[in-house]
Amino acid sequence: MGPDHAWEKWGAQDPYYGVLSDPRFRCNKLTDDSLKEFFATGQHHIEHMLETIRKTHSDFQPKRVMDYGCGVGRLLRPLSQIADTVGVDISESMLNEAQKNCPEATLIHPERLNSLAQNFDLIHSHLVFQHIPVRTGEGVLRQLVGLLSPNGIGVIHLTFLVRRLGRLPIPVWDAMQKMRGRSKLFHGLMNLKDGRPFNQPQMQMNNYNLNRIFAILRDANCSIFHVEFTSDLFPGAVLYFKRGCEHVERTCLSWVALSAAPGRAALDAP
Ligand SMILES: C[S@@+](CC[C@H](N)C(=O)[O-])C[C@H]1O[C@@H](n2cnc3c(N)ncnc32)[C@H](O)[C@@H]1O
């Protein structure tokens, strides 16, 4: 089963647990209180993100915002209270749930990204790229940065390439993940080994090469102004970047300053 199909299954069978894999959010465990907790995590996340942006961009007041991979609208809900919001998700069932949770937001499938105007002040994505195969995810990132307005801000979370995950070298881990995609029996047995229901859909994990991500951002004239690392079995980073060409100017200026500085020889020394 491919990752997109697996996400449709998550959306149809257990959408809140698919978003945050905590037993309290299983569909048969959801209560008013656990739903409140679920959405409180989203409110907290968005408050933190806006606070972080405003440390360097104090007058940042986005008017048009996208949440890519919005799931059931956990992060879209607080965003739609401050801006005109578009939520994008690969799963129709997730989109339907998000529409119930955020009636004021526009919800679309990624196929419709091309029809959007390039006027987003903020494009955000959390816990999503890790589930998209790397080459597809790189293409999505190119599309998203192309939709930012001049000076628009992107806040994108990615898991990045490491040599080992836990005790397993990455090639072994990748081979097991591929096997799980190909064989229902193998996937089901691995689910049972980890204490999960046999039929639980796969949640693919992918790790990005940050060199290639930097090149994509650089080509789109984006400058990264803040990075936060996320800790998990899968090391991740939240990249805060701004579209514009300031980084090019700054690099040139510092190079000129460095060339003219008397201590240059010392800087050049090995
Ligand atoms: C773990 S959930 C996170 C949802 C939301 N970002 C949050 O943090 O509340 C991942 C979401 O990404 C969506 N997704 C997976 N692959 C995608 C793709 N290629 N394009 C858009 N959405 C995708 C899934 O359907 C799912 O709703």
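The values are calculated or read from the model by the stated rules, or taken from the named source; none is laboratory data. All values derive from a computational prediction rather than experimental measurement. Note that each Cβ is placed from the backbone with ideal geometry, even for glycine, and that neighbours are counted across all protein chains shown.
Of all residues in region 159-178, one or more are in contact with a Lys or Arg (Cβ under 9 Å, 6 or more places away or on another chain), more than 14 Å from the ligand (Cβ to nearest atom), free of Cβ contacts under 8 Å to residues at least 12 places away in the same chain and of a type in the set (F, W, Y).
Only one residue in G42, G73 is surrounded by 23 or more Cβ atoms within 10 Å (Cβ to Cβ), part of a loop (DSSP other than H, G, I, E, B), small (G, A, S) and within 12 Å of the ligand (Cβ to nearest atom), so which one is that?
Numbers: G42 fails: part of a loop (DSSP other than H, G, I, E, B).
After applying the criteria, what remains is G73.
The single condition among (1) more than 25 Å from T230 (Cα to Cα); (2) at pLDDT below 90; (3) buried (at least 20 other Cβ atoms within 10 Å of the Cβ) that Q202 does not satisfy is (1).
All conditions in (1) crowded, with 17+ Cβ neighbours inside 10 Å; (2) away from the ligand (no atom under 11 Å from the Cβ) hold for R142, with the sole exception of (1). Within region 181-196, the set of residues being surrounded by 12 or more Cβ atoms within 10 Å (Cβ to Cβ) and not in a helix (DSSP H, G or I) comprises S183, R196.
All but one of (1) part of a strand (DSSP E or B); (2) more than 13 Å from the ligand (Cβ to nearest atom) hold for G87; state the number of the condition that does not hold. Against the list (1) part of a strand (DSSP E or B); (2) more than 13 Å from the ligand (Cβ to nearest atom), G87 comes up short only on (2).
State yes or no: is D33 surrounded by fewer than 14 Cβ atoms within 10 Å (Cβ to Cβ) and in a loop (DSSP other than H, G, I, E, B)? Considered against the rule, which asks whether it is surrounded by fewer than 14 Cβ atoms within 10 Å (Cβ to Cβ) and in a loop (DSSP other than H, G, I, E, B), D33 comes out as no.
Consider M66 carefully, then state whether it is assigned to a strand (DSSP E or B) and not small (G, A, S). Taking the combined requirement at face value, the residue satisfies it. Just so you know, in region 112-137 the residues that are within 10 Å of the ligand (Cβ to nearest atom) and free of Cβ contacts under 8 Å to residues at least 60 places away in the same chain include one that is nearest to C70 (Cα to Cα), and it is S125.
Among the residues that make up region 72-92, is at least one of them farther than 26 Å from T136 by Cβ, in contact with a strand residue (DSSP E or B) (Cβ under 7 Å, 6 or more places away or on another chain), free of Cβ contacts under 8 Å to residues at least 24 places away in the same chain and not aliphatic (A, V, I, L, M)? Checking region 72-92: at least one residue is farther than 26 Å from T136 by Cβ, in contact with a strand residue (DSSP E or B) (Cβ under 7 Å, 6 or more places away or on another chain), free of Cβ contacts under 8 Å to residues at least 24 places away in the same chain and not aliphatic (A, V, I, L, M). Taking residues in region 1-24 that are more than 8 Å from the ligand (Cβ to nearest atom), and partners anywhere that are small (G, A, S) and in a helix (DSSP H, G or I), the pairs with Cβ atoms closer than 8 Å and at least 6 places apart or on different chains are M1/G181; G2/G181; A12/S93; R24/S34.
All conditions but one from (1) assigned to a loop (DSSP other than H, G, I, E, B); (2) surrounded by fewer than 24 Cβ atoms within 10 Å (Cβ to Cβ); (3) within 8 Å of the ligand (Cβ to nearest atom); (4) on the phi < 0 side of the Ramachandran plot apply to E104; the one that does not is (3). The set of residues in region 1-60 that are modelled with pLDDT of 95 or more, of a type in the set (S, T, Y) and under 18 Å from the mean Cα position of the chain (by Cα) comprises Y16, Y17, T41, T52.
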